[in-house]
């Protein structure tokens, strides 16, 4: 029991020490994981679990959208991207469209790589 508590404390501390960029990357990693699981459940004809995974991915994307600071021009472009991803995930799960899920997954993975690189550059230039 004490080991579980220590592990929870470690996880909490790890999250508290992440940079904003690292948090965004973690959110994209979780989104990617949920879409991958949604694809697997769709392939295995488990619609309820597939729906739940895609819904979790959509919630993460919404959280990323809500966190944008709209005083920056890039935020407008990111909002459009996030809305597009959210919409396409909805279409994909409604139609059990694995190809569309994979397309969205590719975009999410590209965003994850981009934000990881941006975070590295930001840390170097500080």
key: Extension gain (nm, one decimal) between residue 19 and residue 113, 0.36 nm per residue minus Cα-Cα   = 32.3 nm
query = With each pseudo-label sitting 7 Å past Cα toward Cβ, what's the residue 44-residue 87 distance in nm, one decimal?
reply = 3.3 nm
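Determine, from the Cβ-Cβ distance of residue 98 and residue 66 and an R0 of 25 Å, the FRET efficiency 1/(1 + (r/R0)^6), rounded to the nearest 0.05. Don't jump to the answer; show the numbers that get you there.
Working: r = 28 Å, r/R0 = 1.14.
The calculated FRET efficiency here is 0.30.
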Highest-MSF residue in the chain out of 31, 17, 42 [GNM, Cα springs under 10 Å] = 17
ask   = Looking only at 27, 18, 105, which one moves most when the chain is put into a Gaussian network model with springs between Cα atoms under 10 Å?
value = 18
note = Quick P(r) readout (the stretch 20-125; Cα-Cα; 10 Å bins; whole %) gives 16, 47, 26, 9, 1
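Among 74-86, 56-68, how do they line up by average Cβ neighbours within 10 Å per residue, starting with the highest? Don't jump to the answer; show the numbers that get you there.
On the way: 74-86: 15.0, 56-68: 17.5.
Highest to lowest by the protection proxy: 56-68, 74-86.
Hey, what number do you get for the chain at 222 nm if only DSSP H runs of n ≥ 4 count, each worth -39500 (n - 2.57), divided across all residues, to the nearest 500?
Working: 5 runs with 109 residues, N = 126.
That comes out to -30000 deg cm²/dmol.
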task = Between 35, 54, 23, find the one with the highest GNM mean-square fluctuation for the chain; connect C-alpha pairs within less than 10 Å.
result = 23
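Only the coordinates and a few stated rules stand behind these numbers; no lab work does. Note that this is a predicted model, so its numbers are computed, not measured. Every residue, glycine as well, gets a Cβ built from its backbone with ideal geometry; the counts of neighbours run over all protein chains shown.
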